[in-house]
1. Kindly list, by first and then second residue, each pair from a residue in the stretch B:594-606 that is more than 15 Å from B:G504 (Cβ to Cβ) and more than 9 Å from chain A (Cβ to nearest Cβ) to a residue that is acidic (D, E) and in a loop (DSSP other than H, G, I, E, B), limited to pairs with Cβ atoms under 6 Å and residues at least 6 apart or on different chains.
2. Take A:F209 and decide whether it is outside any helix (DSSP H, G or I), surrounded by fewer than 23 Cβ atoms within 10 Å (Cβ to Cβ) and within 12 Å of chain B (Cβ to nearest Cβ).
3. Output yes when any residue across the stretch B:437-447 is crowded, with 16+ Cβ neighbours inside 10 Å, of a type in the set (A, V, I, L, M, F, W, C) and more than 10 Å from chain A (Cβ to nearest Cβ), and no when none is.
4. Can you find a residue that is in contact with a Gly (Cβ under 7 Å, 6 or more places away or on another chain) and either assigned to a strand (DSSP E or B) or β-branched (V, I, T) (or both) anywhere in the stretch B:598-614?
5. Has the stretch A:222-238 got at least one residue that is crowded, with 22+ Cβ neighbours inside 10 Å, in contact (Cβ under 8 Å) with a residue 24 or more places away in the chain, β-branched (V, I, T) and facing chain B (nearest Cβ under 10 Å)?
6. Does B:E718 satisfy being among the acidic types (D, E), over 30 Å from B:T558 (Cβ atoms) and assigned to a helix (DSSP H, G or I)?
7. Starting from the stretch A:145-170, keep only residues that are hydrophobic (A, V, I, L, M, F, W, C), then list their pairs with residues that are outside any loop (DSSP other than H, G, I, E, B) and modelled with pLDDT under 95 whose Cβ atoms are within a distance under 8 Å, requiring at least 6 positions of separation or different chains.
8. Answer yes or no as to whether A:L95 is at pLDDT 85 or above and not in a helix (DSSP H, G or I).
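The values are calculated or read from the model by the stated rules, or taken from the named source; none is laboratory data. Please read these numbers as outputs of a predicted model, since none were measured by experiment. Here the Cβ positions follow ideal geometry from the backbone for every residue, glycine too, while neighbour counts run over all protein chains shown.
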Amino acid sequence: MDAQLDQLREEAIAAIAAAADETALDLARVKFLGQQGTLTSLSKGMKDLSKDDKPRIGKLLNDVRAVVTAALDTRKAALLADADKAVFAGVDVTLPGTATSFAGKGSLHPITQLLDRTTGIFRRMGFALADGPDIETEWHCFDALNTPADHPARNEQDTFYFADGRLLRTHTSTVQIRTMEKAAPPVRIIAPGAAYRRDEIDATHLAQFTQMEGLYVDEGVSVADLKGTLEFFFRELFGNDAKFRFRPHFFPFTEPSYEVDIKTSMLGATDRWLEIAGCGMVDPAVLEAVNTKRGDRAFDPEKYTGFAFGFGLDRLAMIMSGTPDIRYFTNNDQRFLAQF
Amino acid sequence: MQTSLNWLRELVELPPTVPALVDLLTMAGVEVEGIARTGCDIANVVVAKISESIQHPNADRLSVCTVDDGSGTPRQIVCGAKNFKVGDKVPCALPGAELPGDFKIKAGKLRGVDSNGMLCSAKELQLAEDADGLLILSPDARIGAPIGELFPGDTVLDLEITPNRPDLLSHAGIAVEIATLTAKTLTRPAGPSDPVIAGEAPTVAVESSAPCYYTARRITGVKVGASPEWLRARLESIGLRAINAAVDVTNFVMMASGQPLHVFDAAKLRGKLRVRQAVAGESFLALDGKSYTLAAEDIIIADDAQVVALAGVMGGSESGVTETTTEIILESAYFDPATIRRTSRRLGLSSDSSYRFERGVHLDGVDRASLCAAKYIAEICGASAVSLTAEAGHSTILAQRNVPRAAIALRSTRVAALLGISVSDDRIAQILTGFGCVKVADGWQPPSFRADLVREVDLIEEIARVVGMDEIPAKTTARFAGASATDRNYDRAMILRRAFVAQGLHEARSITLVPAQPLGLAYTQTAPESLQRVKNPMNDDQVVLRPHLLHGLLTAVTTNLRAGGTSVRLFEIGRVFSTRRPEEFLHAAVVLSGPLGERTWRAGEGRAADIFDLKSQLSAVLGEGVTFESDSNPALALSLVIEFSGKPVGFAGQLWPADARALDASASVLFAEIDLAAMWKLSVPDAAKKYREIPRFPATTRDIAMLAPLSLAHAEVERTLVSAKEPLLAGVELFDVFTDASGAKVPADKKSLAYSLTYRSPERTLTADEVNAAHTKLKQRLTSQLGVALRE
């Protein structure tokens, strides 16, 4: 029996290897594993075996069946791949493209649309674009922004880190620092970009979100400029009837600091104040951190003051479009995208 | 921070309405997260004693009660509850009372029996969510007393305190804030009188390296019972459970002053109290009944035998004060905020106490809170003696106690410069004095409890908060802003996006964190070691920063097909990451699968997109200069290198059918991905484009048809023609490709190609002879160099 099985296995594998197409392969399958197949017939002989031999031969039979089945599968995949190869080998990819476009209109992502609108408003106010890397140093993300060494945001529970100690920026405020390192006042920039936090993902949270950052540092910049700039911006974005308020708040990198709330009634939602932005006067400690890094007094806080602001585009887009779940913005479902 | 308005009212006059107070606090930077009514102050609900109860003659489930409501006249009320007995005291709503839910109580008859009021459950008075029968009151309750005496009505605000203001984590702190904002004076309620100071102070020692100041005092001869009604009510109003008088006093003083306190049962302590670092692995059974394994960085309080408290976080379960306690050790301390935060976070154990310590308690408040709590405990628990405090701590911390703060110079010009509005010196003085600052020769000395006031700008912030944004004028300044490199890239990317949209594509935006094995690694020939891997991913789906946009787009293929879509047409422009410098790159990518259009009456089923559709789309979007070179990436069925001015800038290709099926796609899946910075470096910016003369003389075309080996690429034919540098040749257009596997019309190993060649001269109209000569030369070149057979 053992010898028979060995031989059978060898024969089956040879036959499978020799099968030149799917028909031949199927014949091989029937020959060995079919109802009348040789392996099946051998299995039927099991009942005549002695009680001692039964388990051993049974296992051997199963092993052979498994080997043969695997060989069949492998060969089938190879034959299919060969067939695919034959089909594609004949394709001349250097043939010119044929002028075609999809019927129906395409669409810009709703976040891109909002980003472009907000960028446009700030550009009309004389802000230039700036950017910085997503992978940041702890210094740019926290130290330079006057964040205490033991601040909870630095914790590995809240922030993504890399083995080399760098991190994924938790806010686009890093671009304030990146810009001031290189430029001299006046600095008047906006910086849209991605930021990351280790938030559990749900209808209103993603581990990654899109922020719009702004910074203006010059001689004589005051809270009045901050107010005027953001008032203009929100009226442009929401219309002249927009109701909003500046509520004092705390951020390590600005002082005084404010959060901006808007009345949601004008967006067709239930009437309440909703926080949409953070802002404030650049903390002198931030300017001093930049000076120290630069090794000069280019941003002397006695001479220059500035304001900074930041807001999340995803949440704003959710409110403005009535999108109930933030995950729609990253699912890339065309039924959603085509609505905008 | 749960804040009781009844409590605040004892300290400061509040604005007339709750909304006015909420607005005042909100606009001063103290956000109100919730407003809750607690207690019960409904008029005409009084304490009544049930003096008699008999079965209702006409209803099995009702009884007829006679109650004493303190008026002197017995009152008959029909009642449906079963949980009372004669002699119980219960709330009784008299006729005229209005219960929640617009429920007016009137005298009337119930099933033929007079009923002059209603006996109430806790639910009916909104004292509980649910109730099973009447609310049985304390036997001590005074008959006829308004229910509000037992359950004082209160409004409780849930305040969100920003991390820079630990001083606001107390009723006293909030009161100071309100007094300053409204220019009112604080009231200091008289507490209990000073206790008799006697007895031996406990022994304490600090052996920890983390900064701290630790005090303890002994209170002897106490009887620890339940707290008096006023104390219970105060704690319950802000959501704290009354436990026993000693523990309740510590919580009360913490909520009043912001200083966390702890009481030990002296009989359960062995030897001296030491503040030390925990031994790694040491275990501690806390008051919450759970056992915690400590780390060496934790600070604990231990006696000679065991750990008795996790410093600043929670006391031990075995050393707490109970009804049997007769001698109390009262702890009041300052612990290092960072250490407490780390311990609390690591153990996932947070308490009102740890919340305050990790934000920083007021060093000079430690002794004051200890004395205050000792007074209350002495009064309520009847102590025979209160010892002085034993204290221990780090010299640096001890040296900081009761030291006047350094004065902060404040220039009114600077206030005006930063706020954009000038604030009078008088008003500045009023504001800062209100916050507890003292004017000294060289500036303002902040109060010791305001650790956040250190610099001039900190004082200006206080002024800004009180002045409010409404008073500050809005000013608009503009500057001329030159376009930065980021501006130019932004505009170019936007132009590209709109070009993709014009081709009928939808813009995708995918998460940049992708699995450790993102889809398409082999297609873009990305080396696994070039992946930027996050050290602390949240899950397996977001482990590395995407090395290309392909992962998101291929995932979207499946998403859309599973959602029932048939045609996928997406593009994305975004950052991708590599360990290769400069680490972050701006890429554009496209994915196409399925029909080019919906089924229509005219065209029927739309044709499925193929590699030539992709090429034409890319040519349309990327513009002049883009070319495609055949590639042989074995991971793809068809592969191309996208080139710009002869240099590679990206990949395009078609997935093997098996890989497409793995994405749930039955049609071809095509993609392209381009490095935009590389492309922009090579492309001519729109602004730099130059005029090329528009042809003035007519062109002539001549066709060439040929039989070529199947393997001969079109690119080869084109190259052969163009490289002839025939000056008159202006264009080569392939207009027919034909093969026949049966060999009937064209031999099976050959294909028929047909080209249209355009000849033109910029100087003159060409003669037929000139064109024929050039055309013949090119035909000869094809036959000699490529071995094709021309079909004339």
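1. B:R599/B:E605
2. The answer is yes for A:F209.
3. In the first step, residues of the stretch B:437-447 are kept if they are crowded, with 16+ Cβ neighbours inside 10 Å; the result is B:437, B:443-447.
Then keep just the ones that are of a type in the set (A, V, I, L, M, F, W, C); that gives B:437, B:444.
Now narrow it down to the ones that are more than 10 Å from chain A (Cβ to nearest Cβ): B:437, B:444.
There is at least one residue in the stretch B:437-447 that is crowded, with 16+ Cβ neighbours inside 10 Å, of a type in the set (A, V, I, L, M, F, W, C) and more than 10 Å from chain A (Cβ to nearest Cβ).
4. Yes.
5. Yes, there is a match, as at least one residue in the stretch A:222-238 is crowded, with 22+ Cβ neighbours inside 10 Å, in contact (Cβ under 8 Å) with a residue 24 or more places away in the chain, β-branched (V, I, T) and facing chain B (nearest Cβ under 10 Å).
6. Details: among the acidic types (D, E): yes; over 30 Å from B:T558 (Cβ atoms): yes; assigned to a helix (DSSP H, G or I): yes.
Yes, satisfied.
7. Listed by first residue and then by second, the contacts come to A:A149/B:A338.
8. Working: at pLDDT 85 or above: yes; not in a helix (DSSP H, G or I): yes.
Yes.
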